[in-house]
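Here's the structure, in C-alpha cells; my notes come after.
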Amino acid sequence: MSGEIRVIVYCRAPEEGDAPLKAAFHHINEDLGKVPGLLRSELLQSTLDGERGSFAVLSYWKDVQSFQAWEQGAEHRKQTSPLRQYQDRGSSRHYGIYQVRAGFTVPDQA
C-alpha cells in the first residue's frame, strides 16, 4: 500500500452554530492548497450529535514526511489558527494520525 496518511482533527461547533467553524475551515484551506504533500481536506459532521454536532477535519497526505515537514514548519500554527479555537479538547484524543495500510475500491456498479 502507499505511504499515504490521514490526519483527523476533532472539532466542536460554537454555541451560535456551525457557520463560524465552516468559515474557518474554508479560510485555512485557501493557504493549505499550496502545501507540498497535502492531497485533500474535508470537513465532516457527525450525524449522531443532533443540531450542534461534532465535526472532524480529515486531511489526506502523500506521506508522513510531508505532513511532519509542514507541521514542524513556521507556517503551520499561523495557517491553522482560525480553526484551532474549535478543536474539541474535551476528550483525551483531539486528533489522530493514521497511515493507510489497506484499501478497497468498490468496482463500477453500472
Practice problem: Check the straight Cα-Cα distances from Lys78 and name the lysines below 17 Å, setting aside those fewer than 8 residues away within the same chain. | Solution: Lys34
Quiz item: In Å², what does the accessible area per residue of the chain work out to with a 1.4 Å probe?
Solution: 67
Quiz prompt | Of His26, His94, Leu58, farthest towards positive along the dipole that unit charges on Lys, Arg, Asp, Glu beta carbons give segment 1-108 | solution = His94
Practice problem: Just add up the charged neighbours of Ile5: K/R +1, D/E -1, any other residue whose Cβ is under 15 Å from the Cβ of Ile5. | Solution: 0
Quiz item: So what's the back-of-envelope 222 nm ellipticity for the chain, counting only DSSP H runs of four-plus at -39500 (n - 2.57) apiece and dividing by all residues, rounded to 500?
Solution: -8500 deg cm²/dmol
Quiz item: Excluding His27 itself, what net charge comes from residues whose Cβ is under 13 Å from its Cβ, given Lys and Arg +1 and Asp and Glu -1?
Solution: +1
Quiz item: Put +1 on the Cβ of each Lys and Arg and -1 on the Cβ of each Asp and Glu in the chain; which of Ala13, Phe104, Val35 then has its Cα farthest toward the positive end of the dipole?
Solution: Val35
Quiz prompt | Heavy atoms of Leu39: accessible area, 1.4 Å probe, square angstrom to 10 | solution = 100
Quiz item: What does the charge count near Ile97 come to, summing +1 for each Lys or Arg and -1 for each Asp or Glu among other residues with Cβ under 12 Å from its Cβ?
Solution: -1
Quiz prompt | Estimated dipole of the chain in Debye, rounded to 20 [Cβ of Lys and Arg +1, of Asp and Glu -1, Cα centre] | solution = 340
Exercise. Report, to the nearest whole %, how much of the accessible area of the chain belongs to carbon and sulfur atoms, 1.4 Å probe, protein only.
Key: 51
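The values are calculated or read from the model by the stated rules, or taken from the named source; none is laboratory data. Predicted model only: the values in this text are computed from it and were never measured. Every residue, glycine as well, gets a Cβ built from its backbone with ideal geometry; the counts of neighbours run over all protein chains shown. In case anyone asks, the SASA skips ligands and DNA or RNA and just uses the protein heavy atoms, side chains included. Shrake-Rupley method; radii C 1.70, N 1.55, O 1.52, S 1.80 Å.
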